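No lab work stands behind these numbers, since they all come straight from the coordinates. Being a predicted model, the structure only gives us computed values, none of them experimental. When we count neighbours, we look across all protein chains shown, and the Cβ atoms used for this are built from the backbone with ideal geometry, even at glycine.
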Amino acid sequence: MKITKIEAFQVDWSEPGQKGGRSAFVRIETEDGLFGMGEASPMEGGLASLVIIARHLAPLMIGKDALDHTVILETLFHKCIKLGPDGALSGALAALDIALWDLKGKLLAQPVHKLLGGAWRTSLTCYASIGGNAWRTVDEVVKIVEKRVAREKPAAVKIRWDGDRTKVDVDIAGDIAKAKAVRKALGDGFMLGFDANNGYSIGGAMRVGRALEDLGFTWFEEPVQHYHVSAMGEVAQRLDITVSAGEQTYTLQGVKDLINAGVRMVQPDITKMGGITGMMQCAALAHAHGVELVPHQTQPSIGHLANLHLLSTIMHLAKPVELADNWERVGKVFKNPSEPVEGLFTLPTTPGLGMEYDAAELRRRTIPLAV
Ligand code: CA
């Protein structure tokens, strides 16, 4: 089935008077008019990945058989490797991979999870991933956490810091006070994660990590800079709490390095590295090492659907699915599954990713790429 057309474009989620961010999508069409859609990481609007697709990858995919998709993408990865295998290039390839899986599912009239080996579960619990807490008071943190828990009925909550990335150890006592207040508000049995967003030194991370252990938090995410792999590993090995990392890791080899350093919960992102194919490789790698794979995933439409199919196939999945801030923004275009119902996401069973969306509204929000 020959690929005949590839479009790379942004989608604007703004409303009048309210900025809403942009997604970076790709659409791949074949000679018989079937198509698949994928999504790249939206950092800085995903523009760098979209340009790489339009200028360097798409022209080489036209005329190729869509079912040869891993051969095509590995060839493109190695052709463009000097652009840097981390970041924008791997996001571009992730988007293409997701689109090709969507397309393959439609060609074979099967949902993606069937092509991956089948689902262990058809509904998945979510965790509320709540950002921006470095900038809130203790009371404000509790307020937003209680609001999200009441609205989303999550199985767990992760409080994210999102602090100034040029500083570390800014307010350790204040951070611990916020963690304490959230534990008190939600009660002893509630599953909690703490995401430092790389905000500590090794010593600062040890202090916060010990406090989180006392408070019964389940995981401690990215305590130190992600590029200090050995420091991440040292913190992971010295603390009892599970230390997680990997959302800023873009290759299978990078995930291997994290595991070798001592990280025992890895969090690669389907829109940043390898797409569905890359995440299946990560799943095998994690399984081989007895390490938990808990993907990072903050995009509520295509990335989320791809992530759901992938997660449904992981046997030892022990954490809920990430439900990030402002998830509701895509509801005007995407009809499924966007928001959880009673705390659960339902796995689509129609061919491909099974996305249902309003094509006219998607077109209205599309910003074509000018390259
Ligand atoms: Ca994170």
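Assorted remarks:
- Computed from Cα atoms, the angle from the helix 138-152 axis to the main principal axis of the chain rounds to 40 degrees.
- Folded to 0 to 90 degrees: helix 229-238 orientation relative to the chain principal axis, Cα: 40 degrees
- Label sites at Arg210 and Arg121, each approximated as a point 7 angstrom past Cα along Cα to Cβ, lie 3.5 nm apart.
- When the charge dipole of the chain is built from unit charges on Cβ atoms (+1 for Lys and Arg, -1 for Asp and Glu) and taken about the Cα centre, the candidate among Ser14, Phe194, Gln237 whose Cα reaches farthest toward its positive end is Ser14.
- Positive contributions from Lys and Arg (+1) and negative ones from Asp and Glu (-1), summed over other residues with Cβ under 12 Å from the Cβ of Ser90, come out at -2.
- When the helices of the chain are scored as -39500 (n - 2.57) per DSSP H run of n ≥ 4 and the total is divided over every residue, the value at 222 nm lands at -11500 deg cm²/dmol.
- The residues neighbouring Gly38, those whose beta-carbon lies less than 9 Å from its own, together hold a net charge of -2 under the Lys/Arg +1, Asp/Glu -1 convention.
- When the Cα gyration tensor is reduced to axis lengths a ≥ b ≥ c, the ratio a/c is 1.5 or higher for region 61-163, and with a/b not above b/c it is classed as oblate.
- Neighbourhood charge, 11 Å Cβ-Cβ cut-off, centred on Leu369 and excluding it, Lys, Arg +1 and Asp, Glu -1: 0
- Distance histogram in 5 Å bins (all Cα pairs of region 115-346, percent per bin): 1, 7, 15, 19, 20, 18, 13, 6, 1, 0
- Given R0 = 41 Å, the distance between the Cβ atoms of Met315 and Lys184 translates into a calculated FRET efficiency of 0.70.
- With respect to the chain, whose longest principal axis is taken over its alpha-carbon atoms, helix 172-186 is tilted by about 80°.
- Percent of beta bridges antiparallel (DSSP, the chain, rounded to nearest 5): 50 percent
- Placing unit charges on the Cβ atoms only, positive for Lys and Arg and negative for Asp and Glu, gives the chain a dipole magnitude near 220 debye about its Cα centre.
- For the residue pairs Lys2/Lys272; Lys114/Lys319; Lys158/Lys184; Lys104/Lys256, alpha carbon separations beyond 19 Å are given by Lys2/Lys272; Lys114/Lys319; Lys104/Lys256.
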